[in-house]
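The values are calculated or read from the model by the stated rules, or taken from the named source; none is laboratory data. Keep in mind that this is a model prediction, so the values were computed, not measured. Methodologically, a virtual Cβ is constructed for each residue, glycine included, from the backbone with ideal geometry; neighbour enumeration extends over all protein chains shown. All accessible areas refer to the heavy atoms of the entire protein, side chains included, with ligands and DNA or RNA removed. Shrake-Rupley method; radii C 1.70, N 1.55, O 1.52, S 1.80 Å.
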Amino acid sequence: MDITFKDVNYIYQANSPFAHKALEKLSFHIPSGTFVAVVGHTGSGKSTLIQHLNGLLTPTSGEVQIGDYYITSEKKPENLKELRSKVGVVFQYPEHQLFDETVEKDISFGPRNFGVAEDEINARIKEIIPAVGLDEKLLERSPFDLSGGQMRRVAIAGVLAIKPEILVLDEPTAGLDPRGQREIMDMFYALHKEQNLTTFLVTHSMEDAVRYADHVIIMNKGTKYMEGTPEEVFTQKEALNQVQLDVPEIIQFLNAFESRFGISLAFKRQSVRDLATQIKEAFEGVKSDE
Amino acid sequence: MNSMMIIGQYVPGNSLVHRLDPRMKITIIFLFVIVVFFANNLASYSILTAFAIITTFITRIPLRFILKGLTPIWFLIVFTFVLHLIVTKEGTVLVEILGFKIYSGALIQGLAISLRFFLLILITSLLTLTTTPIEITDAIEDMLHGLKKIKFPVHELALMMSISLRFIPTLLQETDKISKAQASRGVDFRTGPIKERIKAIVPLLVPLFVSAFKRAEELAMAMEARGYQGGEGRTKLRQLKIKSSDLIVLLFFLAIVVGLFLTRSY
Amino acid sequence: MREKFIEFRNVSFRYGEEQPWVLENVSFEIYKDEWVAIIGHNGSGKSTIAKLMNGLLYPQQGEIIINGIQVTAETVWDVRKQVGMVFQNPDNQFVGTTVQDDVAFGMENRGVPREEMVRRIEEVLKAVRMEDYLLTEPHRLSGGQKQRIAIASVLAIKPQVLILDEATAMLDPRGRKEIMQTVSEIQERNEISLITITHDLQEVVQAERVIVMNKGHVWDEATPREVFAKKDELREIGLDVPFVAILADELKRNNMRLSNEPLNHEELLEELWTLHSKM
């Protein structure tokens, strides 16, 4: 499903002394199947943005279009529930939403609310459990007996069981150790490719944005600060530093490398292995020129 | 964030009323509540009303804000008034509406009782409007100090109150977050039959309790790590001190009380 | 010979009789004024070590000595005077209704006189650069600011060691930077030993020594440079390897001989410079 924001404004506690603008004139268009990374500081409007994607918030003015669903200040779609069955949201620390007696019941909670048939739910669970790296033996356990990492995976499975077409991820790996972070992100990426999802990843990690995203939106103080491919956005060091964001480490290194050796190596989302080869070739090239 | 306005929520300020010692404020309000019941004629009611209105102006809190905070109470006040009009049968008949005779005594008594009610609510809400919850907690802890002798857990009670105050915004945020997460999983909190809506609360309440318990456990550990071992041998940063302005205000109020007893009819 | 401050002697710990051992036969020493990082994946036992150090937990076997005192139920309050801790969740350790009340909490517990409290509050808030927030309520602070207040609260009771138990894990990059800066400023003033517990190898670089935990055992005890050299093994126990170390490794694979294990960009570029001029 395509996603389009047209001049979206959102004001918290409008008409009160505490009113503050969380989104200002936000417009963008995301074609179906894109992996989008939304990057910005805490309070830049990222969380407000993603809450518009399934009608948790409605714009104060402007229009949000998700596939065929329109959300404006005047009207929420009557079929809000239908929209929510197509947009899966993994919130920050999603394990905080677990509540049911068993892992299985908790995972089936979402699809059951959306009226999915029981055998379909069971089939989905069979598929999802190994995909998120859990053991089937855990299905009958209470989610509260599991380790933190396992709880996170159960909560994610609960969102995936809805079989969304749009997947919204709000810092899904916060608090996990490096291996857990990598496993979860790789899992989302595989799923994105396999099921041709449209994915919105809210993240603080420039490295994740570079590794997974086709498209990057940089938010600052409720407005869209920059937008483009990772190559376009992350090579603009000055502009990013102006809003106190860092460029990914590989680009930091390429910049330092250039100022030290006068050799400019382009950033093409290359792997570290390729970078090493490039450095070697550059050195040998310089030598053979002399 | 929650946009709900709490009745009598603290409004920051630096007026004389704001700066009064909270214990003094509580004492005066306590006395006021008793004294209100001794007013019985125009003069004595006027004195009390004047006191309440002047105090309200001294706080410099916008009148609009105070009256808005009293919205839920207006109904009760009007209800009391109407009840008295109908029930009381004293004095002369003033008018007759739809077969109901309205007596002069009923009108006077209705007005008096409603005014008394209004004054009580106004004065007590001035306390919470001009005093932070933590000041009230401190004042209560201090005033109950004597109860420690009979092993009443005064310090623990005050600590409990102050920690609850500290965590209210945190828990409101948490509630908002979890309800949004469950709404995204297809829960509808707002529509549908009552039975369904009550059922929809479970996926909200369970995570809230789980998280509150986890917070409590971690907080207890953090407090212990920071050397907390109960009230024994503790010093306090926040200290209440009676200032001369507090005493002047008290004397002024006592003068009013004396004035009231001189003017009331016996 | 440096003076020992913390000593673990064959310490084993588990949460219950039926439970598996969280720590098994762990021994190490930490010296006065040292900055030690303890790293390991989630569940490796690293946070349990922190809780054992100030008597929030007691070991079933072995002993823990802090500044010459064995940690027991009798000595625990003396130990806690010397060991300050900052925990992971910024919200769940903020006790006061305002910043100054929270900083005061630890001092109130220890009966510090009021005038002294006021003085120290000012001093420690300056140290963490939060002096303008004296009366601010916690829900108006960012996570990073709350953690700085937690650090200030610990500094106010003047302990000998400050333990940061994954204190940056729940923060955004900005908050993380704030904390790391505060911590290195404190370290520079050299008044206190530091133990940082983390799974983020970037935060380890500045430490003098690293203790790597894996499955309840001490897996390695070395300088950051020596630890970073063991890339493949680190990955195997679920830890990440910094970019610089990976690139250095790939360069070696390309027959570019680096003489030292670089810790940061400058060192790597320096190595490359030497190499370049020799080519």
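Work out, in µm²/s and without decimals, the Stokes-Einstein translational diffusion coefficient of segment A:248-290 at 25 °C, 0.890 mPa s, Rh from Kirkwood over C-alpha pairs.
In µm²/s, the coefficient rounds to 228.
If you count, for every residue in A:140-149, the Cβ atoms of partner chains within 10 Å of its Cβ, what is the mean?
1
Kirkwood Rh, the protein assembly as shown, all Cα pairs: how many Å?
So the Kirkwood estimate lands at 31.1 Å.
By DSSP, what percent of the beta bridges with both residues in segment C:4-224 are antiparallel, rounded to the nearest 5?
50 percent
Quick query: amide H of residue B:186 versus all other amide H atoms, modeled in the peptide plane; which residues come in under 5 Å with a sequence gap of 5 or more or a different chain?
Here nothing satisfies the definition.
Would you compute, for the Cα atoms of segment A:19-170, the largest minus smallest coordinate along each principal axis and list the three values in descending order, in whole Å?
49, 34, 29
How many angstrom lie between the Cα centre of segment C:94-146 and the Cα centre of segment B:217-266?
What the calculation gives is 22 Å, centre to centre.
Once all Cα-Cα distances of segment A:1-75 are split into 5 Å bins that start at 0, what whole-number percent is in each one?
Going out from 0 Å in 5 Å bins, segment A:1-75 shows 4, 16, 27, 27, 17, 7, 2, 1, 0 percent.
Using a 10 Å cut-off around each Cβ of peptide A:274-285, what is the average number of partner chain Cβ atoms that fall inside?
If you average over the peptide's residues, the count of other-chain Cβ atoms is 4.
How much accessible area per residue does chain C have, counting only protein heavy atoms and a probe of 1.4 Å, in square angstrom?
I get 42 Å² per residue for chain C.
Residues with beta-carbon under 9 Å from that of residue B:240, excluding residue B:240: net charge, scoring Lys, Arg +1 and Asp, Glu -1?
-1
What percent do you get for the relative contact order of segment A:1-88 when only Cα pairs under 8 Å and 6+ apart count?
31 percent
From the P(r) of segment C:28-83, can you give the percent of Cα pairs sitting at distances over 12 Å?
Tail fraction, whole percent: 68.
Return the average number of partner chain Cβ atoms within 10 angstrom of each residue Cβ along peptide B:12-24.
The per-residue average across the peptide is 0.
Step by step: find N for segment B:206-266, compute 2.2 N^0.38 Å, then divide the Cα radius of gyration by it. What's the final number?
Dividing the Cα radius of gyration by 2.2 N^0.38 Å gives 2.30.
What's the percent breakdown of Cα-Cα distances in segment A:178-246 across 10 Å bins, shortest bin first?
Using 10 Å bins, I get a P(r) of 18, 49, 27, 6 for segment A:178-246.
If each DSSP helix of 4+ residues adds -39,500 (n - 2.57) and the sum is divided by the residues in chain B, what number results at 222 nm, nearest 500 deg cm²/dmol?
Calculated mean residue ellipticity at 222 nm is -23000 deg cm²/dmol.
What does the buried accessible surface come to for B and C, summed over both chains, with the probe at 1.4 Å? Round to 100 Å².
Roughly 2900 Å² of accessible surface disappears when B and C pair.
Relative contact order for chain B: what is it in percent, counting Cα pairs under 8 Å that are at least 6 residues apart?
The value is 30 percent.
Along segment A:124-140, what does the Karplus equation 6.51 cos²θ - 1.76 cosθ + 1.60 (θ = phi - 60°) give for ³J(HN,Hα), rounded to whole Hz, x for Gly and Pro?
4, 4, 3, 7, 6, 3, x, 4, 8, x, 10, 9, 4, 4, 6, 4, 8
Would you work out which of A:236, A:73, A:226 lies farthest towards the positive end of the dipole of the protein assembly as shown? Charges go on Cβ: Lys and Arg +1, Asp and Glu -1.
Among A:236, A:73, A:226, the one farthest towards the positive end of the dipole of the protein assembly as shown is A:73.
Determine, at each q value in 0.09, 0.17 (inverse angstroms), the log₁₀ of I(q)/I(0) that the Debye formula gives when each Cα of chain C is one equal point scatterer.
For chain C, the Cα-only Debye profile gives -0.47, -1.36.
If R₀ is 30 angstrom, what is the calculated FRET efficiency for the pair residue B:236 and residue C:60, using the beta carbon separation as r and rounding to 0.05?
FRET efficiency, residue B:236 to residue C:60: 0.15.
Sort A:264-271, C:33-40, A:41-48 by the packing proxy (mean of other Cβ within 10 Å over each peptide's residues), most packed first.
Per-residue mean Cβ counts within 10 Å order the peptides as C:33-40, A:41-48, A:264-271.
Helix hunt in chain B: which complete DSSP H runs extend at least 18 Å axially by C-alpha with mean Kyte-Doolittle at least 1.0?
Going by DSSP H runs, the hits are B:22-36, B:42-59, B:71-87, B:104-130, B:244-263.
Within straight cross-link reach of residue B:243, meaning Cα distance under 12 Å, which aspartates and glutamates are found once same-chain residues fewer than 8 apart are removed?
Filter leaves B:21.
Give the accessible area for residue A:20 in Å² (nearest 10); use a 1.4 Å probe, count only protein heavy atoms, and leave out ligands, DNA and RNA.
Residue A:20 has an accessible surface of roughly 100 Å² with all protein chains in place.
For the full complex of protein chains and a 1.4 angstrom probe, list B:149, A:193, C:4, C:146 by accessible area with the highest value first.
Greatest to least solvent exposure: B:149, A:193, C:4, C:146.
Measure of size requested: the Rg and Dmax of segment C:149-225, with Cα atoms as the atom set and Å as the unit; please supply both.
12.9, 35
Under the rule of -39500 (n - 2.57) per DSSP H run of 4 or more residues, summed and divided by the residues of chain A, what mean residue ellipticity at 222 nm is obtained, to the nearest 500 deg cm²/dmol?
Roughly -12000 deg cm²/dmol at 222 nm, from the helical runs in chain A.
Taking the Cα-to-Cβ direction at residue B:31 and at residue B:160 and moving 7 Å from each Cα, how far apart do the two end points lie in nm?
Calculated label separation equals 3.2 nm.
In terms of Cα to Cα distance under 18 Å, which aspartates and glutamates are near enough to residue C:51, apart from those fewer than 8 places away along the same chain?
Residue C:51 reaches B:217, B:218, B:224, C:7, C:24, C:29, C:63, C:74, C:78, C:165, C:166.
Can you check what the Kirkwood hydrodynamic radius comes to for segment B:146-225, Cα pairs only, in Å to one decimal?
15.2 Å
Given R₀ = 60 Å, what would the calculated FRET efficiency be for residue B:49 paired with residue B:199, taking r from the Cβ atoms and rounding to 0.05?
So the FRET efficiency works out to roughly 0.75.
If I model a spin label as a point 7 Å beyond the Cα along the Cα-Cβ vector, how far apart are those points for residue A:256 and residue C:277 in nm?
1.9 nm
If packing is taken as the mean number of other Cβ atoms within 10 Å per residue, what is the order of A:98-108, B:186-196, highest first?
Ranked from most to least packed, the peptides come out as A:98-108, B:186-196.
Output the pairs from C:4/C:215; A:86/A:237; C:4/C:81; B:148/C:158 with a Cα-Cα distance over 29 Å in this structure; if there are none, say none.
Table pairs above 29 Å Cα-Cα are A:86/A:237; B:148/C:158.
Efficiency by 1/(1 + (r/R0)^6): what FRET value for residue B:214 and residue A:61, r their Cβ-Cβ distance, R0 = 41 Å, to the nearest 0.05?
That gives a FRET efficiency of 0.55.
If the viscosity is 0.692 mPa s and the temperature 37 °C, what translational diffusion coefficient in µm²/s does Stokes-Einstein give for segment C:57-141 when Rh comes from Kirkwood over Cα pairs?
Translational D for this selection: 219 µm²/s.
Based solely on its DSSP helices, what 222 nm [θ] is calculated for chain C when runs of n ≥ 4 H residues each add -39,500 (n - 2.57) and the sum is averaged over all residues, nearest 500 deg cm²/dmol?
-11500 deg cm²/dmol
Roughly how many nanometres apart are two label points built 7 Å out from the Cα toward the Cβ at residue B:64 and residue B:172?
It works out to 2.1 nm between the two label points.
I'd like the Kirkwood hydrodynamic radius of chain B, using the inverse of the mean 1/r over distinct C-alpha pairs, in Å.
So the Kirkwood estimate lands at 22.8 Å.
Quick one: which of B:208-216, B:94-102 comes out on top by average Cβ neighbours within 10 Å, and what's the full order, highest first?
Going by the mean number of other Cβ atoms within 10 Å, highest first, we get B:208-216, B:94-102.
Principal axis lengths of segment C:199-279 from Cα atoms, whole Å, largest first?
Cα spread of segment C:199-279 along its principal axes, largest to smallest: 46, 23, 16 Å.
Of all beta bridges DSSP finds with both residues in chain A, what is the antiparallel percent, to the nearest 5?
55 percent
Under a cut-off of 28 Å between alpha-carbon atoms, report the lysines in cross-link reach of residue C:252, not counting same-chain residues fewer than 8 places apart.
In chain and number order, the partners are A:268, A:280, A:287, C:230, C:231, C:278.
If you take every residue apart from residue C:190 with its C-beta less than 13 Å away from the C-beta of residue C:190, what net charge results, scoring Lys and Arg +1 and Asp and Glu -1?
Neighbour charge sum, excluding residue C:190 itself: -4.
Positive end of the dipole of the protein assembly as shown, charges at C-beta (+1 Lys, Arg; -1 Asp, Glu), about the Cα centre: which of A:261, B:131, A:205 has its Cα farthest in that direction?
B:131
Could you tell me the relative contact order of chain A? Use alpha-carbon pairs under 8 Å, at least six residues apart, and round to a whole percent.
Relative CO of chain A lands at 22 percent.
State the three equivalent ellipsoid semi-axes of chain A, derived from the C-alpha gyration tensor as the square roots of 5 times its eigenvalues, in descending order and whole Å.
36, 27, 16
Springs between alpha-carbon pairs under 10 angstrom, Gaussian network model over chain C: which of C:252, C:215, C:126 fluctuates most?
Between C:252, C:215, C:126, it is C:252 that shows the largest mean-square fluctuation.
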